[in-house]
Amino acid sequence: GQNIDQPTEMTATEGAIVQINCTYQTSGFNGLFWYQQHAGEAPTFLSYNVLDGLEEKGRFSSFLSRSKGYSYLLLKELQMKDSASYLCAVRSYGNNRLAFGKGNQVVVIP
Amino acid sequence: NAGVMQNPRHLVRRRGQEARLRCSPMKGHSHVYWYRQLPEEGLKFMVYLQKENIIDESGMPKERFSAEFPKEGPSILRIQQVVRGDSAAYFCASSPDQTSGRGQGEQFFGPGTRLTVL
């Protein structure tokens, strides 16, 4: 089975940096995905990691350590529109389904 | 390129009725996934289909739920004899054939159908 754990909520100030953590347990790890979901909307793809290390994409970066079963998403220069839920999802070998954590709600304040 | 389309966006049913949710994948995508999201919960996988085939239905409740992805037309998630506990947001996602070499297999989500059972 798979177990994905994320903290539930955090508040940060516009312009700041926030780190969202995700720990997972799975057999046959085959990639970790981060999605952003605004209330009432579809999740949108942010980043993908399958090898250890940091992937940078503009203001967003994602890090993976497979040996620790750990990933984080780093959001820099926070903007009000970044207020959303951030979902971590893990894929395993042998199937394409994604196992999602509950998501971490980020609230950006002025 | 239009994204994943789902309809209806909102669906209200009384207990015991049937709910039919439709999903048209992105153009060029041959893989369709259905997920359910309960209030305050994460997305839970239900079923994975390719054209005319169910590949993985390990997340589907054993009764009342079925899914299909016919050769022509959208994928359908069907819930028979709905109960209040079926009230949730149902999301469809699609991905391209990974053997095409495009992307890393990320799934693109539709806007969801919010089902309310009265």
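If I filter region A:90-100 for residues that are away from chain B (no Cβ under 14 Å) and touching a Leu at 6+ places or on another chain (Cβ under 8 Å), do I get at least one hit? Within region A:90-100, not a single residue is away from chain B (no Cβ under 14 Å) and touching a Leu at 6+ places or on another chain (Cβ under 8 Å). Taken as a whole, the condition of being within 17 Å of A:Q37 (Cα to Cα), open to solvent by less than 60 Å² (accessible area, probe 1.4 Å) and more than 10 Å from chain A (Cβ to nearest Cβ) does not apply to B:Y35.
Of the strands (runs of 3 or more DSSP E) lying entirely inside region A:27-99, those containing at least 2 residues that are touching a strand residue (DSSP E or B) at 6+ places or on another chain (Cβ under 8 Å) and of a type in the set (S, T, N, Q) span A:29-37, A:44-49, A:60-65, A:84-92.
The single condition from (1) crowded, with 20+ Cβ neighbours inside 10 Å; (2) within 14 Å of chain B (Cβ to nearest Cβ) that A:L73 fails is (2).
Among the residues of region B:5-20, how many are within 14 Å of chain A (Cβ to nearest Cβ) and either in a strand (DSSP E or B) or farther than 15 Å from B:G110 by Cα (or both)?
4
How many residues are within 14 Å of chain B (Cβ to nearest Cβ), open to solvent by less than 10 Å² (accessible area, probe 1.4 Å) and assigned to a strand (DSSP E or B) when one looks only at region A:101-110? The number of residues fulfilling the criteria is 1.
Scanning region B:51-70 for residues that are away from every other protein chain (no Cβ under 14 Å) and either more than 20 Å from B:K27 (Cβ to Cβ) or open to solvent by 90 Å² or more (accessible area, probe 1.4 Å) (or both) yields B:E52, B:P61, B:K62, B:E63, B:R64, B:F65, B:S66, B:E68. Quick one: is A:S62 open to solvent by less than 30 Å² (accessible area, probe 1.4 Å) and at pLDDT 95 or above? Taking the combined requirement at face value, the residue satisfies it. Does A:G40 satisfy the condition of being within 14 Å of chain B (Cβ to nearest Cβ), at pLDDT below 95 and open to solvent by less than 30 Å² (accessible area, probe 1.4 Å)? No. Taken as a whole, region B:15-23 holds no residue that is over 17 Å from B:L118 (Cα atoms), crowded, with 18+ Cβ neighbours inside 10 Å, under 14 Å from the mean Cα position of the chain (by Cα) and free of Cβ contacts under 8 Å to residues at least 60 places away in the same chain. Does at least one position in region A:45-57 carry a residue that is within 14 Å of another protein chain (Cβ to nearest Cβ), small (G, A, S) and surrounded by 13 or more Cβ atoms within 10 Å (Cβ to Cβ)? Yes, region A:45-57 has at least one match.
When you scan region A:25-32, do you find a residue that is at the interface with another protein chain (Cβ under 10 Å from one of its Cβ atoms) and surrounded by 13 or more Cβ atoms within 10 Å (Cβ to Cβ), even just one? The answer is yes; a qualifying residue exists. Before we move on, is B:S30 of a type outside the set (K, R), within 13 Å of another protein chain (Cβ to nearest Cβ), farther than 18 Å from A:T44 by Cα and open to solvent by 60 Å² or more (accessible area, probe 1.4 Å)? Considered against the rule, which asks whether it is of a type outside the set (K, R), within 13 Å of another protein chain (Cβ to nearest Cβ), farther than 18 Å from A:T44 by Cα and open to solvent by 60 Å² or more (accessible area, probe 1.4 Å), B:S30 comes out as no. Residues considered: A:F33, A:F60. Of these, the only one that is in contact with a Lys or Arg (Cβ under 8 Å, 6 or more places away or on another chain) and touching a residue at least 60 places away in the same chain (Cβ under 8 Å) is A:F33.
The values are calculated or read from the model by the stated rules, or taken from the named source; none is laboratory data. Since the model is a prediction, treat every value here as computed from it, not as a measurement. Every residue, glycine among them, receives a Cβ derived from its backbone with ideal geometry; neighbour counts consider all protein chains shown. The protein model used for the area step is the full one, side chains on, heavy atoms only, and it has no ligands, DNA or RNA in it. Shrake-Rupley method; radii C 1.70, N 1.55, O 1.52, S 1.80 Å.
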